[in-house]
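Asks: Below is one structure. I have some questions about it.
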Amino acid sequence: MANQTENIFATGIVYDGIGILIRGESGAGKSLLSFDLMDRAESRGKESGLISDDRVLIEAEDGTLIASPPEQIKGQIELRGFGIVERPVVERHSIKLVVDISNEMDRMPENEEFETELLGVKLDRVPVPSRSLIDSVHQRLLVLEALRKIKSAVS
């Protein structure tokens, strides 16, 4: 049986070898957070790259969520105020973390807020308030803390 592929509204990146899907409404700051994280990884000598911006193809493969870029937008990411820019593309990567940008600020989220499921695959999740509620440093810290948790679970 062939794997089911879905084309979802999200941005996919790799940070220090970990695949991340960033979801949120149009204009929520998915691309900007992606730039921030990729630039941080690059400046620290960590593996980084763009899977896809705005639309991501996902499929479940042996209990792992795999993301890849649609051909027509491969390697392109929007930087508002500048336009479409090119970034090194990651053709295919497993996803371990889902970042959901929202218009809410929950000071102490419940444990169930830190997990989600896509195509039957359970994934770590981190809710991240939009930049209208918190600054970019706070957003980055929330994502980096979720990544630390994933890395420590693997070690």
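Asks: Would you point out which residue out of 98, 128 is of a type outside the set (D, E, K, R) and under 22 Å from residue 7 (Cα atoms)? If you could, list the steps in order and put the result at the bottom.
Replies: Values: 128 fails: under 22 Å from residue 7 (Cα atoms).
So the residue among 98, 128 that is of a type outside the set (D, E, K, R) and under 22 Å from residue 7 (Cα atoms) is 98.
Asks: Restricting to segment 46-82, and then to whatever is free of Cβ contacts under 8 Å to residues at least 40 places away in the same chain and charged (D, E, K, R), can you tell me which residue is farthest from residue 5 (Cα to Cα)?
Replies: The residue in question is 46.
Asks: Of these, 124, 100, which one is closer than 12 Å to residue 20 by Cβ, acidic (Asp, Glu), surrounded by 12 or more Cβ atoms within 10 Å (Cβ to Cβ) and touching a Pro at 6+ places or on another chain (Cβ under 6 Å)? Spell out how you get there, then give the answer.
Replies: Values: 124 fails: touching a Pro at 6+ places or on another chain (Cβ under 6 Å).
Criteria check complete, one pass: 100.
Asks: Condition check: modelled with pLDDT under 95 and either of a type outside the set (Phe, Trp, Tyr) or in contact with a strand residue (DSSP E or B) (Cβ under 9 Å, 6 or more places away or on another chain) (or both). Does residue 152 satisfy that? So that I can check it myself, show each step before the final result.
Replies: Numbers: modelled with pLDDT under 95: yes; either of a type outside the set (Phe, Trp, Tyr) or in contact with a strand residue (DSSP E or B) (Cβ under 9 Å, 6 or more places away or on another chain) (or both): yes.
Considered against the rule, which asks whether it is modelled with pLDDT under 95 and either of a type outside the set (Phe, Trp, Tyr) or in contact with a strand residue (DSSP E or B) (Cβ under 9 Å, 6 or more places away or on another chain) (or both), residue 152 comes out as yes.
The values are calculated or read from the model by the stated rules, or taken from the named source; none is laboratory data. Keep in mind the model is a prediction, meaning the values are calculated, not measured. Cβ: placed from backbone, ideal geometry, glycine included. Neighbour counts: every protein chain shown.
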